[in-house]
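To start, the structure itself, in structure tokens.
The values are calculated or read from the model by the stated rules, or taken from the named source; none is laboratory data. What you see is a predicted model; the values in this text were computed from it and never measured. Please note: Cβ atoms are built from the backbone with ideal geometry, for glycine as well, and neighbour counts cover all protein chains shown. Only protein heavy atoms, including side chains, enter the accessible area calculation; ligands, DNA and RNA are left aside. Shrake-Rupley method; radii C 1.70, N 1.55, O 1.52, S 1.80 Å.
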Amino acid sequence: MKHFLQETDFAARELDEVFALARQFKQQRGRRTPAVLAGQTWALIFAKSSTRTRVSFEVGIHELGGNPLFLNRNDIQLGRGETIEDTARVLSRYVHGLVVRTFDHSDVERLAAAGSIPVINALTDFLHPCQIYTDAFTMAERWAGKRGNLVKSLRGRKIAFLGDAAGNMANSWILGANLFGMQITVSGPERFAPGAKVDALLAKEGFSGGYQFTPDPMEAVRDADIVYTDVWVSMGKEEEAKKRNRAMAPYAVTAKLFAAAKPDAYFMHCLPAHPGEEVTQEVLDDPRSIIFDQAENRLHMQKAIMAMLAKAARKK
Ligand code: CP
Ligand code: NVA
């Protein structure tokens, strides 16, 4: 069974197809969209809050002819101790796919291993691959133009990621940059530098590109095509808020820091943003800020991912 738990779950040769499908779905929106999920129900199990991910998946499943079923983790027996494995086995008897937002990354791996339907990682504490594919598509739309090769347009570009360099977005972008042939520099306080888990994942996937880490934000953004940040206090880290806000303050994306990147660099943020913390309102409003295109593209990219997984599942 094919799943999408991490960026490398599509082979390099499949990336062109995924990105081309997202472009096609975007162009077709409001007209005909192929009903590739007709007659199917896809369940969303969420253990954390969400605006973009939940809504874009629910709308996307509907637009592909399927039925979305939202399940708050605490409303089902999983929240009262039913095992992940039994939950996966039972839901596999009713629905055709699972979209899961949770804390432990191993939860999505266990659901995928025990069930017999495709599982999509809609964010874990470790990775957020749907966001990274969407972000890469959003950049590529600009660099490849209307007809150019989207995936190829990413190669050699530089992304600077600032702030929480050990969080799910930093980890996921480190993996994504290696997959797409981009250079990545992450910058944050030394004690929030990328951890051994992401290094082990890069080694396991056979990537030699790696990443740069610097505690100097100005050095990080030099020659960057993309300046990227995320909240300093991720869901589940609320108890560390004070410590994080203090340590990460020097990494706020201000107009001055953004100006030190390439003149045609874009500003990106997965959202939700906290203006005045990790980024100023001025940068969020800058004409080179493409945050709402990112948010919109979640819908088109996730439709592409579901279409690919549904196609693979039909072949089984
Ligand atoms: N970027 C993102 O995943 O947003 P939500 O938490 O609103 O889904
Ligand atoms: N790092 C953030 C991303 C939200 C989309 C979090 O996990 O809360």
Quick check on the range 134-156: of everything there that is open to solvent by less than 10 Å² (accessible area, probe 1.4 Å) and of a type in the set (Ser, Thr, Tyr), which residue is nearest to the chain's Cα centre (by Cα)?
THR134
Specify the residue that is nearest to ASP107 (Cα to Cα); the eligible residues are those in the range 30-63 that are more than 22 Å from the chain's Cα centre (by Cα) and of a type in the set (Ser, Thr, Tyr).
THR41
Can you tell me which residue among ALA252, ALA160 is surrounded by fewer than 21 Cβ atoms within 10 Å (Cβ to Cβ), more than 14 Å from ligand 2 (Cβ to nearest atom) and among the hydrophobic types (A, V, I, L, M, F, W, C)?
ALA252
Within the range 1-19, residues open to solvent by 50 Å² or more (accessible area, probe 1.4 Å) and either closer than 16 Å to LEU299 by Cβ or among the aliphatic types (A, V, I, L, M) (or both) come out as MET1, ALA12
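What's the total number of residues in the range 257-292 that are of a type in the set (A, V, I, L, M) and more than 21 Å from the chain's Cα centre (by Cα)? Walk me through it before giving the result.
So in the range 257-292, the residues of a type in the set (A, V, I, L, M) come out as 257, 259-261, 265, 268, 271, 273, 279, 283-284, 290-291.
Subset that is more than 21 Å from the chain's Cα centre (by Cα): 257, 259-261, 283.
Of the residues in that region, 5 qualify.
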Six or more apart or on different chains, Cβ atoms under 7 Å: show the pairs whose first residue is in the range 195-219 and open to solvent by 70 Å² or more (accessible area, probe 1.4 Å) and whose second is among the small types (Gly, Ala, Ser).
MET218/ALA260
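hydroxyl-bearing (Ser, Thr, Tyr) and within 16 Å of ligand 1 (Cβ to nearest atom) - does that describe any residue in the range 75-83?
So in the range 75-83, the residues hydroxyl-bearing (Ser, Thr, Tyr) come out as 83.
If we keep only those that are within 16 Å of ligand 1 (Cβ to nearest atom) as well, we get none.
Within the range 75-83, none of the residues are hydroxyl-bearing (Ser, Thr, Tyr) and within 16 Å of ligand 1 (Cβ to nearest atom).
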Only one of VAL59, VAL90, VAL36 is open to solvent by 10 Å² or more (accessible area, probe 1.4 Å), modelled with pLDDT of 95 or more and assigned to a loop (DSSP other than H, G, I, E, B). Can you tell me which?
VAL36
Candidates ARG142, ARG147 - the one that is more than 16 Å from ligand 2 (Cβ to nearest atom) and not in a loop (DSSP other than H, G, I, E, B)
ARG142
Working only within the range 255-276, note down all residues that are more than 14 Å from ALA224 (Cα to Cα) and open to solvent by less than 50 Å² (accessible area, probe 1.4 Å).
ALA255, HIS269, CYS270, LEU271, ALA273
With criteria (1) within 16 Å of ligand 2 (Cβ to nearest atom); (2) under 23 Å from SER116 (Cβ atoms); (3) open to solvent by 30 Å² or more (accessible area, probe 1.4 Å), PHE46 comes up short on (3)
Going by what's in this entry, would THR51 be described as open to solvent by 20 Å² or more (accessible area, probe 1.4 Å) and within 16 Å of ligand 2 (Cβ to nearest atom)?
yes
The one condition in (1) open to solvent by less than 10 Å² (accessible area, probe 1.4 Å); (2) more than 16 Å from ligand 1 (Cβ to nearest atom); (3) aliphatic (A, V, I, L, M) that VAL279 fails to fulfil:
(2)
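Can you name every residue in the range 93-128 that is of a type in the set (A, V, I, L, M), open to solvent by less than 60 Å² (accessible area, probe 1.4 Å) and away from ligand 2 (no atom under 16 Å from the Cβ)? Spell out how you get there, then give the answer.
Step one: list which residues in the range 93-128 are of a type in the set (A, V, I, L, M), which gives 95, 98-100, 108, 111-114, 117, 119-120, 122-123, 127.
Then keep just the ones that are open to solvent by less than 60 Å² (accessible area, probe 1.4 Å); that gives 95, 98-100, 108, 111-112, 114, 117, 119-120, 122-123, 127.
Answer for the range 93-128, where residues must be of a type in the set (A, V, I, L, M), open to solvent by less than 60 Å² (accessible area, probe 1.4 Å) and away from ligand 2 (no atom under 16 Å from the Cβ): VAL95, LEU98, LEU111, ALA112, ALA114, ILE117, VAL119.
Quickly run through the range 180-194 and pick out the residues that are assigned to a helix (DSSP H, G or I) and open to solvent by 20 Å² or more (accessible area, probe 1.4 Å).
Of the range 180-194, the ones assigned to a helix (DSSP H, G or I) are 180, 190-192.
Listed by number, the residues that qualify are GLU190, ARG191.
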